[in-house]
Amino acid sequence: MTLEFVSNFEFRASNLDSMRKVIQYILKFLSIAVLTKYKPRVVAITGSVGKSSAKEAVFLVLAGSFPGEVRRSEDNLNTEIGVPLTIIGGKEAKRDIFLWISNFFKGVKLLLIKDKNYPKILVLEMAADKPGDIAYLTSFICPDVAVVTAIGEMPVHLEFFPERDKYIGEKANVIKSLRPGGAAILNYDDLAVRELRDRVPTDRSRIYYGFEAGAEIRIDDFSYEVPAKTEEIEKCGMDFKIEDRLVGASADFKINKNLGLPTLYAALAATAVSRAFGLDLKDAAKSLEKFRSPAQRLEILAGVKNSIIIDDSYNSSPLACEAALEVLFKFKKNRKLAALGSMRELGFNTEEAHRRLGLKAAKIADVLFLVGDEMVFAREEAQKIGLKLGRDLFWFSGSKEAAKEVERVLQPNDVVLIKGSRSVRMEAVVEEISIKS
């Protein structure tokens, strides 16, 4: 095989859906064989929001009790390609034919030579971008524990599903595929998730987590340490108590440099998983002291002009936006700025969701920057309650123009929330006003 042939093959394969299907089929075959041979316990995590944070928290808790025996999905390896790559220990190869060959070799090697270091536990994040995604993954992956984080009233990816119930049904596949004796970990506070209880097969347990009284793994009390100045960022964090009603125990938890309900829900999900594994509550608390949100998920950063940045630019949805604005609201001593990009893939909910967001954001932020065509609806709602264009309200078609204006308006000790869907690229605002390390 000459290099010229490989190069031409790579070019053609990148434009052929059939090649992706071939790769997908090979990865499925290898995954089935590896799972059958090594028999790891599998924790599958899905939801509309909160998957990645929950995955990191679950990994920390399990790795604390089973050091060196736990593997989690890296980055965005949560698709029909990414999940099998995690199982075989491969890497995202994209159009690199040599890396794909290396991945396949790793899988074959696991089958031919016993790897004594293969993980005993796999923590797998599963996304549902279109109908059939999770059904496909659970056709050959049967989890021992299934976590559903949150769905919300207006979940993302609805433009690819004919209706909301179909989307919820796709998520439910992770529960319906549970092994006998497995556990479904459900967010009690999210009504759509709570109602998945009826889809849990018999001989499987249910563990609810949340803040409401019906949750068995429940946060009883919590407080925020909110920084007022840049030099106080290192000291910010949350103290909270989690009660395990299944065994009548409670423990104090502390997470530093993280703020917001998404982090608290991630800690709850991880604690519920630890209960499914029979671990001690205090061990979970100790492990979660090391928790840090994944990059661009409510990450607290130092900004220029002695400002504070809440970088939540990774992605966006109505539920996630509401949680991010709640964090911004906690900054009582600072002028509050919000730079919000459009929320994509909402289907028929697009206009209503952006109008709701505009109204809520206008009530919390002192200055509001809106980016993207869909944010026109949010701009209209903000104007209705008194915000004025060019004074405390700004709209831009792209994030780069918005970044320049945010930097111009920024004053010392301001706190800036930055959030938006991936395609809007709100990280441009973060890059413009963050202090380069």
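The values are calculated or read from the model by the stated rules, or taken from the named source; none is laboratory data. Note that this is a predicted model, so its numbers are computed, not measured. Using ideal geometry, Cβ is built from the backbone for each residue, glycine included, and neighbour counts are taken over all protein chains shown.
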Problem - Any hit, segment 184-206, residues being more than 30 Å from E345 (Cβ to Cβ) and acidic (D, E) - result: yes
Completion exercise
Selection from segment 322-340 of residues of a type in the set (A, V, I, L, M, F, W, C) and surrounded by fewer than 17 Cβ atoms within 10 Å (Cβ to Cβ) yields F329
Fill in the blank from the handout: Scanning segment 365-382 residue by residue, those surrounded by fewer than 18 Cβ atoms within 10 Å (Cβ to Cβ) and either in contact with a Lys or Arg (Cβ under 9 Å, 6 or more places away or on another chain) or farther than 18 Å from A353 by Cβ (or both) turn out to be D366, E380
Handout entry: Residue in segment 386-401 that is within 30 Å of D129 (Cβ to Cβ), of a type in the set (S, T, Y) and in a helix (DSSP H, G or I) present
Key = yes
Completion exercise
Counting only residues in segment 272-297 that are more than 21 Å from D252 (Cβ to Cβ) and at pLDDT below 95, the one surrounded by the fewest Cβ atoms within 10 Å (Cβ to Cβ) is identified as A295
Exercise for the section: Could you check A127 against (1) in contact with a helix residue (DSSP H, G or I) (Cβ under 9 Å, 6 or more places away or on another chain); (2) over 22 Å from S316 (Cβ atoms) and say which number it fails? Expected result: (2)
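Let's see how each residue does on (1) of a type in the set (D, E, K, R); (2) under 23 Å from V49 (Cα atoms); (3) within 27 Å of the chain's Cα centre (by Cα):
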residue	(1), (2), (3)
E351	yes, yes, yes
H354	no, yes, yes
A361	no, yes, yes
E405	yes, no, no
I433	no, no, yes
Handout entry: Candidate set from segment 33-90 (those that are farther than 15 Å from V123 by Cβ and among the charged types (D, E, K, R)); member that is surrounded by the fewest Cβ atoms within 10 Å (Cβ to Cβ)
Key = K39
Problem - Meets criteria (surrounded by fewer than 18 Cβ atoms within 10 Å (Cβ to Cβ) and touching a His at 6+ places or on another chain (Cβ under 9 Å)) for D115 - result: no
Exercise for the section: Starting from segment 92-105, keep only residues that are more than 17 Å from V34 (Cα to Cα), then list their pairs with residues that are charged (D, E, K, R) and in a helix (DSSP H, G or I) whose Cβ atoms are within a distance under 8 Å, requiring at least 6 positions of separation or different chains. Expected result: R95/E10; D96/E10; I97/E10
Handout entry: Matching option when the condition is in the same structural domain as V147 (by TED's automatic domain parsing) and on the phi > 0 side of the Ramachandran plot, among D96, D115, D75
Key = D75
Practice task
Run F98 past the list (1) over 25 Å from S313 (Cα atoms); (2) modelled with pLDDT of 95 or more; (3) assigned to a helix (DSSP H, G or I) and report the number of the one that doesn't hold.
Solution key: (2)
Exercise for the section: Return only the number of the condition from (1) in contact with a strand residue (DSSP E or B) (Cβ under 6 Å, 6 or more places away or on another chain); (2) loosely packed, with under 15 Cβ neighbours inside 10 Å; (3) in a loop (DSSP other than H, G, I, E, B); (4) not small (G, A, S) that K254 does not satisfy. Expected result: (3)
Handout entry: Residue satisfying all of: in segment 128-149; at pLDDT 95 or above and touching a Phe, Trp or Tyr at 6+ places or on another chain (Cβ under 8 Å); farthest from V34 (Cα to Cα) among these
Key = T149
Exercise for the section: Name, by its number, the condition in (1) surrounded by fewer than 23 Cβ atoms within 10 Å (Cβ to Cβ); (2) assigned by TED's automatic domain parsing to the domain that holds F211; (3) out of contact with any helix residue (DSSP H, G or I) (no Cβ under 7 Å at 6 or more places or on another chain) that does not hold for K305. Expected result: (2)
